[in-house]
Amino acid sequence: MHSLMQLLWPDWAFLVPTLTRLVLAAVLGGAIGLERELKHKPAGLRTNLFICVGAAMFTLLSDRLAGAYGGDHTRIAAQIIPGIGFIGAGSILHSRGSVTGLTTAATLFVVASIGMAVGGGLYVTAVLATIIVGIALNSLLWFETRFNLKPLVVHYDVVSAQADALIADVNQVLRDEGHAMRSVQIARQESGTARLQFTVEATRREQHDLFDRFRHLASAQEVHSSTPELVE
C-alpha cells in the first residue's frame, strides 16, 4: 500500500526541482548544440542537449540514491568524466595526416560539466559557463581567422610532364616556406604526364603563398587545391 501511495502521490518536493534542473540543462546544452549544428559539426543540437541532460540526471541520481540507500553522493556523478572521455575520443578523427574533432570533443566535455553543475543546483555557474563557451566558440574562431592563426590542411594536385623535376621543385618551395609534403601520391597518366598529390598543413596566408608559388613553377602544368578560396 505504501508503494502504491508513493506511485499515485509523487514526491513533489523532489519532482519540481528535478524537472527544473533537467529543463535548464536541456536549454543550456541545446544552446551550445545549436551553435555547433549551425556550423555543421558532427556533434550538434541533439548530441549536446542529450549529454547535458544526461550529466544533470546522473548527478541528481547520484545524490538521490546515496541519500536513499546510503553511500558516496558523488560516486555515480564521478563516472560521467571518463564516460564523456570515451565519447569525445570517438569524435576525434585522423584525416590526411591531420587530427580533427578536438574542438568537438572539448565542447562535449564542457557541456557535460555544465549538466553536472545544473544537476548539482549551481544554476548561475552553469549559465555563466554556457555564455563563456558560446563566446569562445564564436569570437575565438574569428580571432584565429582574423590574425591568421588557425592552420588549414589543403590537398594539392599538380600535373607535370616531368615527375622528377616537379617533385624537386615542390620540395624546394616547401623547404623555403618551412613546410613538408604529407600523404604523397604520384601516378602516371595515359597522356604521359605525372600527377603529384599531397597535403600541406599551414595557415591560410601561407597556403595562398604556396599555391601561388606552385602555379608559377616551370615544371608544373596544372595546379589544383581542395580549398577553392585559394584560387584568387
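For this structure, a couple of remarks:
- Some residue of the stretch 181-196 being loosely packed, with under 12 Cβ neighbours inside 10 Å and closer than 28 Å to Asn148 by Cα: no
- In the stretch 223-232, residue surrounded by the fewest Cβ atoms within 10 Å (Cβ to Cβ) [restricted to those that are at pLDDT below 90 and in contact with a helix residue (DSSP H, G or I) (Cβ under 9 Å, 6 or more places away or on another chain)]: Glu232
- From Arg64, Arg46, residue being modelled with pLDDT of 80 or more, touching a Phe, Trp or Tyr at 6+ places or on another chain (Cβ under 8 Å), on the phi < 0 side of the Ramachandran plot and part of a helix (DSSP H, G or I): Arg64
- Matching option when the condition is surrounded by 14 or more Cβ atoms within 10 Å (Cβ to Cβ) and at pLDDT 90 or above, among Gly101, Gly88, Gly121: Gly121
- Positions within the stretch 139-183 being part of a loop (DSSP other than H, G, I, E, B), of a type in the set (A, V, I, L, M, F, W, C) and closer than 16 Å to Ala218 by Cβ, in sequence order: Ala161
- In the stretch 189-200, the residues that are in contact with a helix residue (DSSP H, G or I) (Cβ under 8 Å, 6 or more places away or on another chain) and not aliphatic (A, V, I, L, M): Phe198
- Of residues in the stretch 171-194 being among the β-branched types (Val, Ile, Thr) and in contact with a Phe, Trp or Tyr (Cβ under 7 Å, 6 or more places away or on another chain), the one nearest to Phe214 (Cα to Cα): Val173
The values are calculated or read from the model by the stated rules, or taken from the named source; none is laboratory data. All figures in this text were calculated on a predicted structure; none of them were measured in a lab. So basically every Cβ, Gly included, is an ideal-geometry build from the backbone, and we count neighbours across all protein chains shown.
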